[in-house]
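The values are calculated or read from the model by the stated rules, or taken from the named source; none is laboratory data. Keep in mind the model is a prediction, meaning the values are calculated, not measured. Glycine gets a Cβ as well: all are built from the backbone with ideal geometry, and neighbour counts include every protein chain shown.
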Amino acid sequence: MVRNLQDPIGESTTFLDFQSRLSEVAKIDRPVLIIGERGTGKEMAARRLHYLSPRWEQPLITMNCAALSPSLIEDELFGHEAGAFTGATQKRQGRFEAADEGTLFLDEIGQTPAEVQSKILRVVEYNAFERVGSSQTISVDVRIIGATNSDLLEMANAGKFKSDLLDRLSFEVLFIPPLRVREGDILVLANHFASRMAFEIGESEIPRFSVKVMDALMDYDWPGNVRELKNVVERAVYRSRGKLVKEIDLKPFEYPYGDLAETEQPNTKELPKVTDPMDALAQGVGERPFKEIIQEVEVTLLKEALDRCASNQRKAAEMLGLTYHQWRGHYRKYEEMLIAD
């Protein structure tokens, strides 16, 4: 069997220290907890632990505990017997059995219900469990790697995670450093992701980053860590389609047309009053058609609201107590007059 092991990418002292600790504990056949923020690569670290361990030729089974409802987690982990519940027409093997002699990686382990935590504890202590709906004990030899971005110690103190299980799982606790403290690694990773994306879209040369882009990459905090950096860089490379990446988009969800959230009901809160245009138009009453006067009033109101709101149409609508859709109806009606002004 060929090891499915990807070399870690990073040169910072913080990251290399983490990799060194990971490599050392990989050799010891004990449970390990991996703690890290979202996007730091907890699953990749777990895979590296497995493939550097004596169990590397055996199965690596993964399960994201946050992706399943509490009622399904027990069945997924331990399996069930035929007839154990409605719909259980045949026996089903769980993840622990599938991982026998190998490694079971439980991502977001803090999301497991209390009753499931008790059964996991029994496996850790006695290497045994029962399928759902069965009293027959099954023996397994599984190394457990747990991962979370939650504070398990705080959860244990609050009674939300079993202290006994936490004690047994924490033979070693590895904290993955977030990207913002990995000095020098941002550009190393960015160049790696850029070269991979260029190859994927058929570019013949590896793109370079402008000084402006490099500064932006270095100055950003990266709350989504490596996963966020990968998305940002790949998006920039595919958009640039050239040898030099001059722009990056750090906020892809920032709505470019004002406030995305709008209400269908007029805003009734007190707003600055628009100057009453009737003072200037009163002298025309009786001398001009009614529709012409109303049109002039409406256009005057729209223009003044736009001026006060620096041409932001959503804010102008709010100032006039209109929904955005109502505003757009008036704006389209008088668009030529408003633009001409």
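Structure data summary
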read-out: Cross-chain or 6+ apart pairs with Cβ under 9 Å, the range 205-229 first and over 13 Å from ALA190 (Cβ atoms), then surrounded by fewer than 16 Cβ atoms within 10 Å (Cβ to Cβ) and polar (S, T, N, Q); value: GLY224/ASN231
read-out: Condition broken by GLU205, with the remaining ones in (1) assigned to a helix (DSSP H, G or I); (2) closer than 17 Å to SER240 by Cβ satisfied; value: (1)
read-out: Options LEU52, LEU60, LEU33: the member that is touching a Ser or Thr at 6+ places or on another chain (Cβ under 9 Å), within 15 Å of ILE144 (Cα to Cα), surrounded by 15 or more Cβ atoms within 10 Å (Cβ to Cβ) and touching a residue at least 60 places away in the same chain (Cβ under 8 Å); value: LEU33
read-out: Residue in the range 39-48 that is out of contact with any Pro (no Cβ under 9 Å at 6 or more places or on another chain), assigned by TED's automatic domain parsing to the domain that holds VAL142 and surrounded by fewer than 17 Cβ atoms within 10 Å (Cβ to Cβ) present; value: yes
read-out: Among residues of the range 82-131, those that are surrounded by 13 or more Cβ atoms within 10 Å (Cβ to Cβ), farther than 22 Å from PHE171 by Cβ and in contact with a Lys or Arg (Cβ under 9 Å, 6 or more places away or on another chain), counted; value: 8
read-out: LEU77 in contact with a helix residue (DSSP H, G or I) (Cβ under 6 Å, 6 or more places away or on another chain) and more than 24 Å from MET155 (Cβ to Cβ); value: no
read-out: Enumeration of residues in the range 159-173 that are outside any loop (DSSP other than H, G, I, E, B), exposed (fewer than 14 other Cβ atoms within 10 Å of the Cβ) and either at pLDDT below 95 or not acidic (Asp, Glu) (or both); value: SER163
read-out: Boolean, ASP17 is touching an Asp or Glu at 6+ places or on another chain (Cβ under 7 Å), surrounded by fewer than 19 Cβ atoms within 10 Å (Cβ to Cβ) and either part of a helix (DSSP H, G or I) or touching a residue at least 40 places away in the same chain (Cβ under 8 Å) (or both); value: no
